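> The following block contains the structure, expressed as structure tokens.
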Amino acid sequence: MKKILSGLSLLLVLIISACNVSKDVKTPKPELPVAFRNADAKTTADTSSIADIQWKNFFADATLQTLIDSAIRNNYDMQIALKNIESSQLLFKQIKFNYTPQVNLNVTANTSRPSDNSLNGLSLGQFLGSKHIEDYNANLGLSWEADIWGKIRNQSKAALAQYLQTTEARKAIQTNIVASVSQGYYNLLMLDEQLAIAKRNVNLNDSTLRIIRLQFKSGQVTSLAVQQAEAQQLAAAQLVPEFEQNLTIQENALRILTGALPDRVERSTRLDQLPIAENIPAGLPSAVVSRRPDVRSAELALNIANANVGIAKASLYPSLNITATGGVNSFKADNWFNIPASLFGTVAGSLTQPIFNRKKLKTQYEVAKVEREKTVLQFRQSVLNAVGEVSDALVKIEKLKAQQTIAANRVSTLQQATGNANLLFKNGMANYLEVITAQSNVLQSELELASIKRQQLSAVAELYRSLGGGWK
């Protein structure tokens, strides 16, 4: 009879366990454009993307490669992310043991002396001739909860998704590190160029100032001309310590990104030696969903939310617990382990159904559903932000190219104008104001051209990051 009942119980558990108390919400299909806005018409038909290129092949400069490699290995944010992966992996492995019974070893020994006037005291004296009673027990206790409603299965799903989220977090950190180091390096080269421009203009202003002072001594110009020439020379000279300060700060920032102490960053390349890639393929918008780590993490968050809804729903249903205890028990220590006389065993099963819990379980279930709806919205938002970032980077690349062409022509024109102004001034055919104005204009235009070149390089690096490149 017992075997029949146990068989029926097992069959019932298997049938019920096949039921799923909660339906998962599938990952929604985000609204995506056919092509990115401002994408080059020549590359829109190309399904390949620069994000598929490994960062070592995408960034060709040897110094930049060394900096990025050091940052990936030594950056503290990256090291923390690796520790998070390690921790999450341990938790994921541990959750698998939730399917197995819990076994505890219990060893107890106790003695008690009841009152002589109590029922136990009178009974002991009458039947055992003793005023105290001893009890020695050693047993193994087993407890197992049947996963009827999929609670443990959902816990495993949540643990797996959380583990995968930590790996996506590491990828996201690496993509940001690659972009930050490259942009910091380009900024460093820009500051090198701007510092050289400022020093070159200081020397040019010195030459002009000497000529004006000679003219002042000969009575050809007034002291106002000398003062304005000195002011122009000081304006250019003031830029030198400013750029030197910014250079040091940028070097320190790059060193800290690589996990090293602040120090000089050696470099052997000039800003104008770095080429700007032409016809950069961005690929299809749909690929961003699977490639960008932050979007993948948002997608995994939906898996966790689904699992949490299942766990909360399972808490509303009965839980089946099976317990078993077996070991040796005796009233005397000398025959405690007298086998088989001291052997004992018990098996019990319990079915617990929550009835009134101040609506706590029901509220937790409703909150879990709301959180799942929020996760769906967050996933959609992450996709929207990703597409927007790609489009922003593409328009920057397009418009900065036009700005660079205009700025380069302006610099060329002003450099010729400065040369002509100096020549005319030496021959007495131009006044000092024309020379000072020309020198001021060429200084600003050269600084702006260097800034635009840095922005172009940074925009390409930002496009690479926004497409999900850099973690391979």
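Since every read-out is calculated from the coordinates, none of them should be taken as a lab result. It should be emphasised that the depicted structure is a prediction, and the values quoted were computed from it without experimental measurement. As a convention, Cβ positions derive from the backbone with ideal geometry for all residues, glycine included, and neighbour counts pool all protein chains shown.
> Count charges around I452 for me, please; just the other residues with Cβ under 14 Å from its Cβ, Lys/Arg as +1, Asp/Glu as -1.
+1
> While we're here: Just rank L261, L394, L239, fewest to most, by other beta-carbon atoms within 10 angstrom.
Ascending Cβ contact count within 10 Å gives the list L261, L239, L394.
> Follow-up question, since we're still on this one. Can you give the relative contact order of the chain as a percent, counting alpha carbon pairs under 8 Å and 6+ residues apart?
27
> On to the next question. Which value in deg cm²/dmol, rounded to the nearest 500, describes the helix-derived mean residue ellipticity at 222 nm for the chain, given -39,500 (n - 2.57) per DSSP H run of n ≥ 4 and division by the residue count?
When only DSSP H runs of four or more count, the value is -22000 deg cm²/dmol.
> Kindly list the residues of the range 317-334 that lie in the label zone of S130, defined by a backbone N under 16 Å from the point 7 Å along the Cα-to-C-beta vector.
Flagged as within label range: 329-334.
> Let me ask something additional. Extending each Cα 7 Å along its Cβ direction at S350 and K217, get the distance between those two points in nm, one decimal.
Each label point is offset 7 Å from its Cα along the Cβ direction, giving 10.7 nm.
> Counting just the Cα atoms, what span does the range 123-236 cover along each of its three principal axes? Round to the nearest Å and put the largest first.
Dimensions of the range 123-236 along the principal axes of its Cα atoms: 138, 41, 19 Å.
> Going by how many other Cβ atoms sit within 10 Å of their own, how do Y99, Y365, Y464 line up, fewest first?
Sorted ascending by nearby Cβ count, the order is Y99, Y365, Y464.
> Sorted from fewest to most neighbouring beta carbons within 10 Å, what does the list R255, R358 look like?
Ranking R255, R358 by Cβ neighbours within 10 Å, fewest first, gives R358, R255.
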